[in-house]
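Just so it is clear, none of the values below were taken in a lab; they were calculated from the coordinates. Everything quoted here is computed from the prediction, not taken from an experiment. Cβ atoms come from the backbone with ideal geometry, glycine included; neighbour counts cover every protein chain shown.
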Amino acid sequence: MTTATLPARGRAAPRQRWSRDEWIARAMMLGAMALLLTFLIAPLFSILVNAVLDKEGHFVGLAHFSAYFQTPSLLRAAFNSVWVALAVVLVSVPTAFVCAYALTRTSLPGPFKATVRLIALIPLLAPSLLSAISFVQWFGNQGVLKFLLGDFSIYGAPGIILAEVYNTFPHALMILVTALSLADGRLYEAAAALRTPPWRQFLTITLPSSKYGLISACTVVFTYVVSDFGAPKVIGGNFNVLSVDVYKQVVGQLNFSMGAVVGMLLLVPSIVSFSIDYTVRRKIKAQLTARSVPFTPKPRRVADALLALFCVGVCCMLLATIGMALYTSVIKLWPYNLTFTLDHYRFALFESDMADAYTNSLKVAFVTAVLGSVIVFLGAYVIEKTRNLGWMRNAMHLMAVLSMAVPGLVLGLGYVMFFNHPANPLNFLYNTMAILVISMVIHYYTSSHLTAVTALQQIDNEFEAVSASLKVPFFKTFLRVTVPVCLPAILEIGRYFFVVSMASLSAAIFLYTPETILASVAIMHLDQAGDVGPAAALASLIVVTSVVVSVLYSLATRVLLARTQAWRHLRRG
Amino acid sequence: MDMTITKMLAGALDQATPALEIKGIHKNFENFSALRDIDLTVRQGEMLCFLGPSGCGKTTLLRIIAGLETQTSGSIVQSGRDISWLPASERDYGIVFQSYALFPNLTIAENVAYGLVNGRMRKAEIQARVAELLAMAGLPTAGGKYPSQLSGGQQQRVALARALATNPGLLLLDEPLSALDATVRVRLRAEIRRLQKQVGITTIMVTHDQEEALSMSDRIVVMNHGVIEQVGTPMEIYERPASPFVANFVGKVNVLRGQALGGKRFRVGQLEIECEASEGSFRLGEDVSLYLRPEDRVAEHLEAGTPYRLGVLVNKVEFLGGLCIAEVSAEALGGQSLGLHFSLNQMHDLGICEGRRIDIALRASRIRVFSTGRDPA
């Protein structure tokens, strides 16, 4: 650029005066940024600080890291985490791909597909501990199917892999269903017109077009397994993995420095796969043009039957897993006394010293749902609809999506180090229910944020400009137009927050006190104490609660939406 | 001083004060400059069009006027009030976007009343005003419907009614017709123009459609690459384009290569042409381009003495309905070819068809001359 095109320098370049609305929007933006800075960035930073300090607070550089890498047992945990995660990817993703293919590319009857999809999503409702408990019941020392394993033990890698395949299956399935349903029918018509055999259509059109979905599914599954804590804790036995190591270092040995080092290591695979996933997801969106013609599958008898059979098989295994947990919760003692009883529920809810856990979880989930959807939607709104935010917009968006890359365990660890510090003015939050709620909101921020952003991007970008020209304050338009139009998305965010915080274990494991203990944490302790029945009862309760709440919620929202969204379904007349 | 005289003076002054004075507007984005040195005066009550290809900066300029975008430097004065650095909500305008931006969950009446509710009007007054506006927009019974129940053209008019509801001093239209079907577009052109004249509101419209600009506006501002190429009435723009870009962008045009012979005389092939309309001064022998509209030819009643008469060979005929384009080449022009408009009747009467030789004469008085270096890429 030549200097001639620049405005005359000398005086500072004038700037547009901010209206009251713009001050308010920027204040909201700063509030949201302060929230994420305090509850996401600062805790992560204090992990980093702890990793380079010794117990007296002296700077020791990378001494802890080198100590870590010279301890073979610790190093093995990292190696174990990686290979177990890879094994899970190799089982979970192909299985999910076949099921997703059956759900999207076959002419199997609609109700069948809907049922498969519903069953496949059940694992999302349960804490990751449930599947581990279940597999112990099936294949453990007293397991029904123990004989199938011969001398082979389920405790350790095999158990973790099984449990994590169960836990990650719905995540992979959802991503692959999305990827496979974005099919351009014209490509298949063109291929058929060129007499391309079906197998070649699959290899040259279907696979390449679902490439990004596959990559995304692999990274999501990998990250999930590396950062999950529940399943390895229950079924891992002596098999060490990174996530359990963090817990052991911090809770067991109170070695915060080493805990911080392992926490940092845990961040690495997450951040890497998160970056891959993030770039790849953008490409999925760009793949389909407005001119694409939806693909309508044609019936293929043998292939359809085989695929249906496969889905039935997968569903049976999923049901067998959740079913075993439910069954364990209502019988006296596996495998000796199979009489029906509700004792385990009574014990878990009223008699044990962790009897408050279930109600605590309900409270936390409820408050998280309400608070989370308000914060996330407001945050997304100011990012999306305020002009001239410059770097603030990018910084805020980056933080909002970064939270997904931080494993719950690492976030919880950061909270311990940051908020428990006596000099922290927010120290009063420590040991409260509030910090549990905040950790949930932050930990599950990204998905909700992206849902809100998508909804906001679908509405006209000029609403704010129009209201400014009509001299109507933006918050009035926000309440009168933006919120009603985005209501379905907001309600969905609330439901999501409720369900995930009911089942969440990893962040809470560092943050609970005997008074604020959550159901998922209690399940872990009950299981460790050998109270498998009550543990299963509590896990089942979480699943049942989430199901009931989801059903009630969808009924309530249906009524609400029918009342407020009538304009959506009108036709020209 | 006498009261009436003061009033008359104030009124006259009001007429004399431009609706908008734009001075030295620059807009630089990170690594390119979207607008350079924009000076423009908008008169009270006129309909002004910003016309140009996409990326020429016309929408950016409109958004700067609206306060939705901030200029890097320069000033804007609206009816004597400096609004250069005011936020959008403190400026005085109504705006209609390409997408209409109607609130989908509010009824048509609620949409139109949106800006009125804020102004402390009584309910009955608001209702009356909404009814008046909807009647003006030709949608007197649509008040209870939702936007999705209306056609695109109807939504367009609702957006217009909403923008006019608060009686703003300026109306901004951002490509208001580009989302509509061709037939609806033509009808709405006339309707917007009628409404604009009826209300008497100063209006700026952004468009990339030359027909829209030619048919609707009092004056057109032709823009390209962030600068104003020409400002003028539609007729001036078409007949006396100020630059090769304008000549090419508005209407069709033929370009003939030639050399300057001094004064207003030019040589094309073997032909020497005197172009009264040429304005620049050219070096002797300088390469020039002569711009001739396809209709600027005489084909009937030619006599031996008709100036610039030449024989041409019809190479190709493109049939477009009532109007046809004949591509012809002439030895007298050094073999250069021209596209000429003929009506279908002329085609029959003059027997114009491929391979035929016919006689025509150039209307040299209409030819615009620019030095060849200025031809648009």
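Some points to look at:
- Separation of the A:Val49 and B:Asn345 label points, Cα + 7 Å toward Cβ, nm: 9.0
- A cut-off under 14 angstrom between Cβ atoms defines the neighbours of A:Thr446, and their net charge, with Lys, Arg +1 and Asp, Glu -1, is 0.
- Within 10 Å of each Cβ in B:92-101, the average number of Cβ atoms from other chains: 4
- Taking chain A and dividing mean pair separation by its residue count, relative contact order in percent (alpha carbons under 8 Å, at least six apart): 21
- Cα gyration tensor, region A:77-142 - rounded (a/c under 1.5), prolate or oblate: oblate
- Counting Cβ atoms of other protein chains within 10 Å of each residue's Cβ and taking the mean over peptide B:73-83 gives 1.
- Tilt relative to chain B, helix B:3-16 - C-alpha long axis, 0 to 90 degrees, to 10: 50
- Normalised contact order of chain B, rounded percent, pairs of Cα under 8 Å and 6 or more residues apart: 15
- Loop trypsin sites (Lys or Arg not before Pro), region A:210-311, which have at most 13 other Cβ atoms in a 10 Å radius of their Cβ (DSSP): A:Arg291
- Selected from A:Ser550, A:Pro422, A:Ala522, residue furthest toward positive end of dipole (chain A; charges at beta carbon): A:Ser550
- Gain on full extension, evaluated as 0.36 nm per residue between A:Ala562 and A:Ala355 minus their Cα-Cα distance, stands at 70.6 nm.
- Taking a ≥ b ≥ c as the square roots of the eigenvalues of the Cα gyration tensor, region A:210-272 is oblate, since a/c reaches 1.5 or more and a/b is not larger than b/c.
- Taking Cα atoms only, the orientation of helix B:123-136 departs from the longest principal axis of chain B by about 20 degrees.
- Theoretical ellipticity at 222 nm over the protein assembly as shown - DSSP helices of four or more residues, -39500 (n - 2.57) apiece, nearest 500: -16000 deg cm²/dmol
- Sparse-neighbour loop sites [chymotrypsin sites (Phe, Trp or Tyr not before Pro); region A:428-471; at most 10 other C-beta within 10 Å; DSSP]: none
- Annotation for region A:55-157: chymotrypsin sites (Phe, Trp or Tyr not before Pro) lying in DSSP loop with at most 12 further Cβ atoms inside 10 Å of their Cβ are A:Phe152.
- Mean silhouette area of region A:29-78, derived from the convex hull of its C-alpha atoms and averaged over all directions, reads 4.9 nm².
- For the protein assembly as shown, the Cβ-based charge dipole about the Cα centre amounts to some 1040 debye (Lys, Arg positive; Asp, Glu negative; other atoms uncharged).
- Cα gyration tensor shape for region A:255-408, rounded if a/c is under 1.5, else prolate or oblate: oblate
- Across the options B:Gln210, B:Trp85, B:Gly258, the greatest Cα extent toward the positive end of the charge dipole of chain B (unit charges at beta carbon of Lys, Arg, Asp, Glu) belongs to B:Trp85.
- Remark: spin-label model distance A:Lys363-A:Lys211 equals 5.3 nm, labels positioned 7 Å along the Cα→Cβ axis.
- Sites A:Phe59 and A:Val251, calculated FRET efficiency, Cβ-Cβ separation with R0 25 Å, nearest 0.05: 0.45
- Exposed loop sites are taken as GluC sites (Glu not before Pro) in a DSSP loop (any state but H, G, I, E or B) with at most 16 other beta carbon atoms within 10 Å; the longest stretch of chain A without one runs A:57-514.
- More than 21 Å apart - percent of Cα-Cα pairs taken over region A:118-185: 39
- Convex hull volume of the C-alpha atoms in region A:492-563, normalised per residue: 86 Å³.
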